[in-house]
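Comments concern the structure below.
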Amino acid sequence: MFLLFPYQIEAFFPIRPIANWIIIGICVLLWVLGAAGKLSDEFIVSLVLYEWSPLDLIGHCFLHADFFHLLGNMVFLWVFGNAICSNTNNLVYPLLFLLFGAVAGAIELLFSPESGEDGVIGASGAVNGVIGFALAVYPKDKVEMFFLFFIKPSTFSVSLWVLVLFWLGFDLWGVLTHGSGIAYWAHMGGLATGLVTGMIFDRMDWVNVTEWDKGTILDLFSRRE
């Protein structure tokens, strides 16, 4: 048995990330209702990403195929979404989440049109957008990781930029090997969108960077104090 996932990022939280909690709650609620057969097939299909409609591009972010699909996305959204929601605010963050999800879905349809034939669901693209935004703001902040190999659990910490390179390498490998079942283009599209958006927010001083943090991406390539 092998498990590896983040459980905390060492970032300052100036406010409670209520909007992110609500988004997680909506995703969980829809999965529970769907698993219990309380949602109609028509409603579920209306949210699946098949084509270039606003509902498809946004709705797919709130659906998940199974419990582990949901759990994986929600763990990452809890760790990084809480940080970004707290850094921006509870009004801006939901708009960012929807933007990242929509752009990620659009890139998936553009570069992997066959995905639209089968349908795409999951918050992965939006979550990767949140991670990209976090990379722009917290590149050197430590992320606490939980590691389980067979029956021996352990924890370790690693800089966020290292984790992002690892995840990006996984997605690039999936694209090059034509892996199926995972929206690799949505992952990379969301990550790039989040990174660029985070850098814009940093340049415009729309994010809160404190002495607790270790510098943004722009700080690493400039002489800003």
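Computed per residue of the chain from DSSP H runs no shorter than four, each worth -39500 (n - 2.57), the mean residue ellipticity at 222 nm is -17500 deg cm²/dmol.
For residue 9, the residues 5 or more places off, or on other chains, whose built amide H falls under 5 Å of its own are 144. Straight-line cross-link reach from residue 142 at under 12 Å between alpha-carbon atoms covers these aspartates and glutamates, not counting any fewer than eight positions away in the same chain: 10, 213. Exposure proxy ranking for 197, 177, based on other Cβ atoms within 10 angstrom of each Cβ and starting from the fewest, stands as 177, 197.
Here r is the Cβ-Cβ distance between residue 211 and residue 75 and R0 is 35 Å; the resulting FRET efficiency, rounded to 0.05, is 0.80. Once you list every other residue whose beta carbon is under 12 Å from the beta carbon of residue 121, what net charge do they have if Lys and Arg are +1 and Asp and Glu are -1? That sum, taken over residues with Cβ under 12 Å, equals -4. Under 15 Å from a point 7 Å along the Cα-to-Cβ line of residue 203: which residues of the stretch 68-98 have their amide N that close? No residues fall inside that zone. Decide, for the stretch 159-225, between rounded, prolate and oblate: order the square roots of the alpha carbon gyration tensor eigenvalues as a ≥ b ≥ c, take rounded if a/c falls under 1.5, and otherwise choose prolate if a/b is larger than b/c, else oblate. Prolate, since a/c reaches 1.5 and a/b exceeds b/c. Note on the stretch 15-38 and the stretch 176-225: Cα centroid distance 25 Å, given to the nearest whole angstrom. Each residue of the stretch 178-191 is assigned a 3J(HN,Hα), and the resulting list reads 6, x, 10, x, 10, 7, 4, 5, 5, 4, 5, x, x, 4 Hz, derived from the Karplus form 6.51 cos²θ - 1.76 cosθ + 1.60 (θ = phi - 60°), x at Gly and Pro. Based on C-alpha pairs under 8 angstrom that are at least 6 apart in sequence, the chain has a relative contact order of 27 percent.
Every read-out reported here was derived from the displayed coordinates using simple, explicitly stated rules and does not represent laboratory data. Model, not experiment: these values are computed from the prediction. Glycine also receives a Cβ, built like all others from the backbone with ideal geometry; neighbour counts cover every protein chain displayed.
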